[in-house]
Structure formats: C-alpha cells, structure tokens
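See structure below.
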Amino acid sequence: MTNPANPSGARPLAARSDGPLTGRLDLPGDKSISHRALLFGALARGRTTITGLLEGEDVLATGRVAAALGAVVERTGPGAWTVDGAGLGTLIEPSSTLDFGNSGTGARLALGVVGGHPITARFDGDASLRKRPMGRVLRPLEQMGASVIADGTGDRLPLTLKGAVPTIPIEYTLPVASAQVKSAVLLAGLNAAGQTVVIEPERTRDHTERMLAWFGAKLDIAERPEGGRIITLHGQPDLVGRPVTVPGDPSSAAFAIVAALIVPGSRVEIANVLMNPSRTGLIQTLLEMGANITISNEREDGGEPVADLTVEHSTLTGVEVPAERAPSMIDEYPILSVAAAFARGDTIMNGLAELRVKESDRLAAVAAGLSANGVALKEETERLTVTGGSGVAGGGVVATHLDHRIAMAFLVLGMASDTPVVVDDATMIATSYPDFEADFTRLGARFEASA
C-alpha cells in the first residue's frame with residue numbers, strides 16, 4: 001500500500017556512524033555472470049544447473065525472459081536454479097513484451113540473443129531503463145540482419161526487434177569499450193554460419209567469452225599489439241548445458257570493502273569474490289591508495305578466478321586513476337568516490353564518459369551527492385576530482401535517480417560521516433543486492449528510516 005505521506009512509493013533511508021564494522025560477509029552472486037548463466041542455459045541443449053545465482057530483481061527479470069523465449073526455468077532452492085533449453089536456433093517467439101525492469105545488461109544481452117534468431121520480440125523496462133541508449137547494440141545487430149520495427153522511440157526502449165533471417169557473420173570494431181555490446185554481437189553470431197569477429201580497442205570484461213567456451217563454443221582470442229583483443233567466434237556450435245557456480249559479485253563486494261576501509265576499527269572478511277582481471281580495477285586502485293586488503297585462498301571455479309578478501313580500516317591517500325582502467329571498474333566509481341572523500345589529497349578519476357549513460361548520469365549524481373555532504377570536488381565532462389581530508393561532514397540528502405549503486409554508495413558514506421547521510425530512495429537496491437541492509441546490519445552498520 002502506498003504511504004499517503006509518500007505517494008511516490010519511495011523509501012528514504014539514512015545511514016549513520018555507529019562504531020566499527022566486523023564479521024564475515026557472504027556475497028550475493030555476481031550479476032554479470034548470473035544474467036549470462038540464464039541466457040546461455042536457454043541457448044544450450046539440455047540442462048544447466050546454476051548455484052549461487054543472484055536473486056535480485058534485474059536477474060529475475062532475465063530468468064523470466066529466458067522462459068518467455070522457450071526455456072524451462074525453475075528455482076530449486078536459495079540461489080539454485082535449473083534451465084532446460086532445446087539448443088541453439090530453437091528459441092520461440094514470445095507471446096508478450098519482454099520486461100527487463102531496471103536491467104540494462106539483461107536487455108542488451110537479450111537483444112543479441114533475439115537478433116540472431118528468426119523471431120520478433122518487443123523489449124521494455126522501467127522509467128530508468130527507458131532512458132538508456134540501445135543504439136550502440138542495435139547498429140551492429142542491424143549489420144547482421146536484424147531490424148527494429150519503428151516504435152517512435154529512436155534507440156530507446158520500448159522497441160520491437162525482428163531477428164535476422166539468416167544471421168550474417170560480421171567483423172565489428174567496438175566504437176566504445178563495452179562488454180555489453182561485444183556480448184550482444186557474439187550472442188547474435190552464435191546462430192550465424194561462419195565467423196563473427198569482434199575487435200575491442202580496449203579490453204573489457206570477458207565473462208561472455210569464458211562462459212561460451214564453458215558451454216562448448218569455439219573462440220579464437222588474440223591480443224592486439226596496440227592494445228585490446230580480437231575475438232573470433234565460430235558460428236553454430238553445439239552448446240550443451242553445464243553446471244555454473246556463480247562467484248560473489250565484486251561490484252557488491254565494493255561497498256563492504258570501502259566501508260571497512262573508511263569506518264575506524266573495522267575488519268571485514270569477504271568470501272568467494274570473483275577476481276577476474278577485467279573486474280578488479282577498484283581493488284587495484286584502493287591498494288595504490290594504501291588500502292589494507294589481504295587476498296587469500298585464490299582458486300578457479302567454472303573458468304573464473306575466485307578468492308577471499310580481508311579488509312581493515314586504512315589511511316588512504318589520493319591517486320590519479322588512468323582512463324584505461326575504467327572498463328575494469330566502471331560500476332565502482334560511485335563507491336570509489338566515497339573512498340576518495342576520506343583519502344588525503346586529490347583523487348583524480350579519468351575516462352568517465354560511460355558513467356553519463358548508466359542507470360542515471362552517475363557522474364553528475366555522484367558529484368551532487370558529495371557536494372551535498374560537504375565534500376570538495378571538481379566535475380568535468382569525463383573526469384571527477386575529489387579532494388579528501390580528515391573526515392566528511394555528512395548531513396546531506398542524496399538524490400539517487402532510481403540508481404541502486406548511487407543509493408548504496410552514499411549509505412556507505414553515512415557509515416563514516418560526522419552526521420547521518422540520507423538517500424531519497426532505497427527501494428531499487430533490491431535490483432542488485434537484495435540483502436544489502438541485512439548484511440551490513442550484521443556487520444554493525446546502523447540504518448534508520450527517514451521522512
């Protein structure tokens with residue numbers, strides 16, 4: 001029921017300093033791998049068993065999409081799911097609109113899946129997702145034979161995509177570093193006769209390539225002398241269902257890592273963290289800033305590197321983060337900015353253009369949130385400079401713009417600020433980290449409902 005005092009349905013929440021954070025944290029499953037496990041299971045022949053799936057709203061939406069495309073998707077226990085697929089090329093045309101909620105990853109990957117099959121599907125999402133550009137995915141898919149049936153919305157959702165008949169293999173150079181665009185092209189290329197080639201000038205996260213190989217696809221991957229990689233996918237493989245263990249999401253771990261670093265006296269152990277080199281830019285940056293992070297029990301699970309982390313309160317010093325590191329930590333800049341607020345001196349973050357087209361304009365949202373809480377900064381088109389000091393005043397109200405990472409980042413800020421920090425809505429945190437409040441409360445954080 002909607003609160004009469006809050007007809008929008010938003011749930012403002014405050015976080016305040018309340019002593020050190022201590023204990024062990026078992027993370028939700030990685031969101032990127034969870035999306036892919038469901039969609040790859042739908043494309044594969046036979047049963048895919050998934051353990052550790054992130055059961056946030058974004059991923060559950062992708063599960064419903066996989067079922068709408070013909071797979072049998074069932075939950076068998078907490079984080080445990082099965083997906084029964086009939087094999088590549090057997091997808092059915094959905095009878096209703098595919099609703100992705102807030103998930104840009106799910107929508108863009110599914111555009112590639114549908115674009116490579118002789119079916120037509122209508123895509124839609126929530127108000128935030130409808131603002132996010134899809135043209136960068138649609139352009140290569142159109143080269144492969146797919147087409148957008150005009151909805152009068154340009155390259156934004158809602159839109160209707162007619163898949164290719166037949167799917168044309170292409171060679172495509174990414175105009176921007178984007179794992180989602182790369183993945184969409186490769187997923188469409190699965191159903192093409194011949195080789196689909198993606199050239200990435202900068203290396204991006206490689207979960208799609210790793211999981212394709214795990215399910216039986218053949219890929220040739222070559223490093224480019226000038227940087228980046230050339231990925232060649234051999235089309236029409238026999239994808240076979242496999243077991244997938246989803247490791248802990250490093251983007252979710254980021255909040256606990258930074259919270260432990262900035263709240264005095266804290267010591268937090270974080271288990272089963274995905275350590276794929278394309279996802280560890282934040283940890284690398286924090287280590288350069290002087291963070292006390294111990295990496296242990298390094299291992300490999302399902303083709304992905306995994307480790308445990310122990311994080312202790314640290315004295316941080318500002319650094320300059322190079323633009324070429326952005327693809328490996330693009331979702332972590334909001335929480336890095338919080339760490340920078342408590343670091344001595346300037347932290348300069350370069351190459352942030354992609355933040356402008358996330359769930360919100362994250363660069364503007366971070367800058368506004370920091371400013372509202374007394375943090376000195378300079379916002380530029382593709383750069384953010386945060387000047388830290390001995391502490392953060394806090395006391396501000398942060399506009400989240402329906403963005404889960406903005407909400408969580410500024411709640412972490414409140415855990416170490418002089419006065420509480422309020423986010424205007426915590427509802428959307430459930431899209432990626434449903435147990436955020438419960439997990440942090442167990443570690444010692446204090447949250448309060450706010451008017």
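The values are calculated or read from the model by the stated rules, or taken from the named source; none is laboratory data. Just so it is clear, the model here is predicted, and its values are computed rather than measured. So basically every Cβ, Gly included, is an ideal-geometry build from the backbone, and we count neighbours across all protein chains shown.
For this structure, a couple of remarks:
- Criterion (in contact (Cβ under 8 Å) with a residue 40 or more places away in the chain, over 15 Å from GLY228 (Cβ atoms), in contact with a helix residue (DSSP H, G or I) (Cβ under 7 Å, 6 or more places away or on another chain) and not in a helix (DSSP H, G or I)) met by exactly one of LEU157, LEU187: LEU157
- Strands (runs of 3 or more DSSP E) contained in segment 207-324 and holding at least 3 residues surrounded by fewer than 15 Cβ atoms within 10 Å (Cβ to Cβ): 219-223, 292-301
- From the list VAL198, VAL148, the lone residue that is in a strand (DSSP E or B) and within 22 Å of the chain's Cα centre (by Cα) is VAL198.
- Residue list for segment 44-66, restricted to those being surrounded by fewer than 24 Cβ atoms within 10 Å (Cβ to Cβ) and of a type in the set (S, T, N, Q): THR49, THR51
- Selection from segment 112-143 of residues that are within 16 Å of PRO166 (Cα to Cα) and of a type in the set (A, V, I, L, M): VAL113, VAL114, ILE119, LEU141
- Residue among GLY369, GLY395 that is surrounded by fewer than 18 Cβ atoms within 10 Å (Cβ to Cβ) and farther than 18 Å from GLY281 by Cα: GLY395
- Segment 28-61 - residue that is of a type in the set (S, T, N, Q) and touching a Pro at 6+ places or on another chain (Cβ under 8 Å) and, of those, nearest to GLY89 (Cα to Cα): THR48
- Any chance GLY112 is under 19 Å from GLY189 (Cβ atoms), more than 22 Å from the chain's Cα centre (by Cα), in contact (Cβ under 8 Å) with a residue 24 or more places away in the chain and in the same structural domain as THR49 (by TED's automatic domain parsing): no
- Verdict on ASP84 being in contact (Cβ under 8 Å) with a residue 24 or more places away in the chain and farther than 23 Å from ARG362 by Cβ: yes
- Residue check, THR387 buried (at least 21 other Cβ atoms within 10 Å of the Cβ), more than 21 Å from SER266 (Cβ to Cβ) and modelled with pLDDT of 95 or more: no
- Checking each residue in segment 167-184 for being among the basic types (Lys, Arg) and assigned to a loop (DSSP other than H, G, I, E, B) picks out no residue at all.
- Hits in segment 325-371 (condition: out of contact with any strand residue (DSSP E or B) (no Cβ under 6 Å at 6 or more places or on another chain), part of a helix (DSSP H, G or I) and among the small types (Gly, Ala, Ser)): ALA326, SER328, ALA339, ALA353, ALA364, ALA365, ALA368, SER371
- Only listed residue being at pLDDT below 95 and of a type in the set (Ser, Thr, Tyr), chosen from SER328, SER337: SER328
- In the set GLU320, GLU354, GLU288, only one residue is at pLDDT below 95 and either in the same structural domain as ALA407 (by TED's automatic domain parsing) or in contact with a Cys (Cβ under 7 Å, 6 or more places away or on another chain) (or both); that residue is GLU354.
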